[in-house]
Amino acid sequence: LAYDLVFGSVKNAKEIWDRCRLIGLSVVPNTAMVVHLDDFYKNVENKSKQWEQSIRQEVIESVQSYLKETVQETLVIITNTDKIAVLLATRLKNNQVEYKITAKELAVEIQEYVHKNTGYTITIGIGNYYEDARNLHVSYQEAFHAQENKFFIGKNTVIHIGDIEPFRNEAKVILNYDILPLANKVTVGDFVGVKTELISLENMLFSQRNINPQVFNLQIIDILTSIARAAIHGGAKPKDVFYIHHQYSLELKSLETIQEIKQWFGEAIENMLEQVL
């Protein structure tokens, strides 16, 4: 039932109500949360699949335990490697503002409970309340988009869809920066010039906001690849550069905030320059 609601597979309201009653819910779910396990990939690095599963299960059981204590009727499921969906059957309120306040308060309480009982921190995205359960998949998509904003806001936060702006049109946010001057300076070993170009690039790159994190990461990889190519033209050993590029590309996948990527980017470029030197 939870997966059908999350992905909008059920179109009949009576069927949803009958299935809810069958599993013991007296109220149909109407609000979605997406729980993102902070630093999940760092915590499971070089660990077994069983260890990975145990972390997810520990957080799920903690969330379920708290909700059971507060008599909240919910469904909790895994929707991604590091994400959990919580479908709430929120009691009737007067307006959307009250639903938002109640959901955010509950999310903060869940955060504190999970951290106290597991030691892990979580970021929670919250979607809007929808009276018709057939629209719960919309609330889930909103919650998913809300938690993506941890990229700019930071970890261990609660983010309601009503508090953020939608990401800008992806076709219009490709970084307008000519990488050629920087690449040429890397090739000829002009390290002073490289530093100057890097300051300008970083100011432009890391001042971006309201951009889809996946698009941002593509920009980063594109720049790193251009620098790697320039480093090889400047005399660096291809196998060393390829290895560095590969390792840093893998690391990028585990970074969750723009501040982490800024530090990572500086280290990656410095490493490339050392190969040229």
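One table, with the values for the structure above:
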{"read-out": "Where a residue in the range 229-249 is over 16 Å from VAL188 (Cβ atoms) and without any contact (Cβ under 8 Å) to a residue 12 or more places away in the chain and its partner, wherever it lies, is among the hydroxyl-bearing types (Ser, Thr, Tyr) and in a helix (DSSP H, G or I), with Cβ under 6 Å and at least six apart", "value": "none"}
{"read-out": "Residue list for the range 7-40, filter: within 26 Å of THR257 (Cα to Cα) and either of a type in the set (A, V, I, L, M) or without any contact (Cβ under 8 Å) to a residue 12 or more places away in the chain (or both)", "value": "ALA32, MET33, VAL34, VAL35, LEU37"}
{"read-out": "Selection within the range 88-126 - in contact with a helix residue (DSSP H, G or I) (Cβ under 6 Å, 6 or more places away or on another chain) and aliphatic (A, V, I, L, M)", "value": "ILE110, VAL114, ILE122, ILE124, ILE126"}
{"read-out": "In the range 1-42, the residues that are open to solvent by less than 70 Å² (accessible area, probe 1.4 Å), more than 20 Å from LEU67 (Cα to Cα) and not in a loop (DSSP other than H, G, I, E, B)", "value": "ASP4, ALA13, ILE16, ASP18, ARG19, PHE40"}
{"read-out": "Residue pairs meeting the criteria (Cβ under 7 Å; at least 6 apart or on separate chains; first in contact (Cβ under 8 Å) with a residue 60 or more places away in the chain, in the range 41-52; second open to solvent by 100 Å² or more (accessible area, probe 1.4 Å) and assigned to a loop (DSSP other than H, G, I, E, B))", "value": "TYR41/LYS253"}
{"read-out": "Pairs with Cβ under 7 Å, 6+ apart, first in the range 136-165 and within 19 Å of THR79 (Cβ to Cβ), second in a helix (DSSP H, G or I) and acidic (Asp, Glu)", "value": "ILE161/GLU142"}
{"read-out": "Looking only at the range 80-111, and only at residues there that are assigned to a loop (DSSP other than H, G, I, E, B) and open to solvent by less than 30 Å² (accessible area, probe 1.4 Å), the one that is nearest to GLU148 (Cα to Cα)", "value": "ASP82"}
{"read-out": "Members of the range 112-162 that are farther than 9 Å from ALA32 by Cβ, among the hydrophobic types (A, V, I, L, M, F, W, C) and open to solvent by 50 Å² or more (accessible area, probe 1.4 Å)", "value": "ILE153"}
{"read-out": "Qualifying residue in the range 102-111 (condition: under 20 Å from LEU5 (Cα atoms) and modelled with pLDDT under 95)", "value": "yes"}
{"read-out": "Enumeration of residues in the range 127-158 that are β-branched (Val, Ile, Thr) and touching a Ser or Thr at 6+ places or on another chain (Cβ under 7 Å)", "value": "THR157"}
{"read-out": "Residue match in the range 45-65 (condition: among the aliphatic types (A, V, I, L, M) and modelled with pLDDT under 90)", "value": "no"}
{"read-out": "Residue in the range 18-34 that is of a type outside the set (A, V, I, L, M, F, W, C) and modelled with pLDDT under 90 present", "value": "yes"}
{"read-out": "So LEU67, is it closer than 18 Å to VAL6 by Cβ and over 20 Å from the mean Cα position of the chain (by Cα)", "value": "yes"}
{"read-out": "Every pair of residues 6+ apart whose Cβ atoms lie under 9 Å, when the first sits in the range 259-277 and is under 20 Å from TYR243 (Cβ atoms) and surrounded by 21 or more Cβ atoms within 10 Å (Cβ to Cβ) while the second is modelled with pLDDT of 90 or more and among the charged types (D, E, K, R)", "value": "ALA268/GLU251"}
{"read-out": "Subset of the range 53-79 (residues that are charged (D, E, K, R), part of a helix (DSSP H, G or I), without any contact (Cβ under 8 Å) to a residue 60 or more places away in the chain and open to solvent by 30 Å² or more (accessible area, probe 1.4 Å))", "value": "GLU61, LYS68, GLU69"}
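The values are calculated or read from the model by the stated rules, or taken from the named source; none is laboratory data. No experiment lies behind these values; they were computed from the predicted model shown. Glycine gets a Cβ as well: all are built from the backbone with ideal geometry, and neighbour counts include every protein chain shown. When the accessible area is computed, the model is the full protein with side chains, heavy atoms only, and any ligands, DNA or RNA have been set aside. Shrake-Rupley method; radii C 1.70, N 1.55, O 1.52, S 1.80 Å.
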